[in-house]
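Asker: What follows is a single structure, and I will ask about it in a moment.
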Amino acid sequence: MDAYDGDSNAPDGPIGANGTRRAGDPEDLRSPEGLGDLAGPEGSRDPENSGSPEPVPSLAPAPPPPPTDRPGPPRTGVAALSLRYQIGAALALAAVAVGACVHLGMVFLSVAPANTVTKQHGTAIEEWVYPEFEQNWRLFAPNPLQQDIAIQVRAQVRTKDGNIETTGWNDLSARDGEAIDGSLLPSHTRQNELRRAWEFLAATHGGDNRPAGLRGALSEQYVRRIAVMRLYREDATSRQGTIESVQVRSETINVPPPAWSHEEVSQKPVYRLLPWWTVTPDEAARGVR
């Protein structure tokens, strides 16, 4: 028997027993009308949209997400350099760090109490520290200095006609004071170079003005070079010839006490005269700057 006969006992096919198509057939599902029937009873439909078919959802693939690997901010500093320059910068920083550590260690050992290291390497430590990096704690002394010490120098100059002429005393300390007085930004060299050089010499010479050891000879050379350099720069006679020898002296005057004090101190200057020092050829040729 054919499955689509009108027999009531036959199974229902795509077309019902009375010859009509059933609402749930696949062809109805593929049509807009069939989709509308699955939405529910007609009483639940929107009256305004009941006459138009509902839109079918799109099955097109979703667009790909935007790329997330955006370039970061530009590199700056050492990171912006090439590898070769980065290595060079790293080596330079390492050299500076090592030099700073060595310098701090030398300065520490120079002011530390006597120990095994200073006994074995005392000469190397002194050559590194003195005279430029000498440490002076006089600022914290309970009894500060109460004297004015002026450094004066004169020279024997060979003039262009071959004669030897002795200059007058040049007060180097007074000229430094004139340069500092009233200056908003006084020179560190003007304030400290001459004073520290004389303190270094006075600490390494005895009462007979003879140097005590290697540091004493070094202090003489340091003071002599400062004197020659200043004379060539500030003394008219020295500029017109060649300096062959110099002599340095100090003038010490006590600081007068305040008006409310009854203390009496002598105001007479005291001089310390050093012997004549022969100027080396490179110093005489103005090779010292």
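Asker: Within the range 72-128, list the trypsin sites (Lys or Arg not before Pro) lying in a DSSP loop whose Cβ has at most 14 other Cβ atoms in a 10 Å radius.
Answerer: Here the sparse-neighbourhood loop sites are ARG75.
Asker: Note the full-extension length gain between ALA79 and ASN209 as 0.36 nm times their separation in residues minus their Cα-Cα distance, in nm to one decimal.
Answerer: So the extension gain works out to 40.9 nm.
Asker: Report the label-to-label distance for GLN191 and THR118 in nanometres (one decimal), using points 7 Å from each Cα along the Cα→Cβ vector.
Answerer: 2.8 nm
Asker: Further question: From the square roots a ≥ b ≥ c of the eigenvalues of the alpha-carbon gyration tensor of the range 140-225, which class results: rounded (a/c under 1.5), prolate (a/b over b/c), or oblate?
Answerer: oblate
Asker: Also: Quick one: which residues, 5+ away or cross-chain, put their amide H under 5 Å from the amide H of SER245? H built at 1.01 Å from N.
Answerer: Here GLN156, VAL279 satisfy the definition.
Asker: Can you pull out the trypsin sites (Lys or Arg not before Pro) in the range 210-243 whose DSSP state is coil and whose Cβ has at most 11 other Cβ atoms within 10 Å?
Answerer: When the trypsin sites (Lys or Arg not before Pro) of the range 210-243 are filtered for loop state and at most 11 Cβ neighbours within 10 Å, nothing remains.
Asker: Then there's this: Only loop residues by DSSP count here, and only those with at most 16 other Cβ atoms within 10 Å; note down the chymotrypsin sites (Phe, Trp or Tyr not before Pro) in the range 227-276 that meet that.
Answerer: TRP260, TRP276
Read the figures in this text as sums done on the coordinates, not as results from a lab. Just so it is clear, the model here is predicted, and its values are computed rather than measured. Counting neighbours? That spans all protein chains shown, and the Cβs are built from the backbone with ideal geometry, glycine included.
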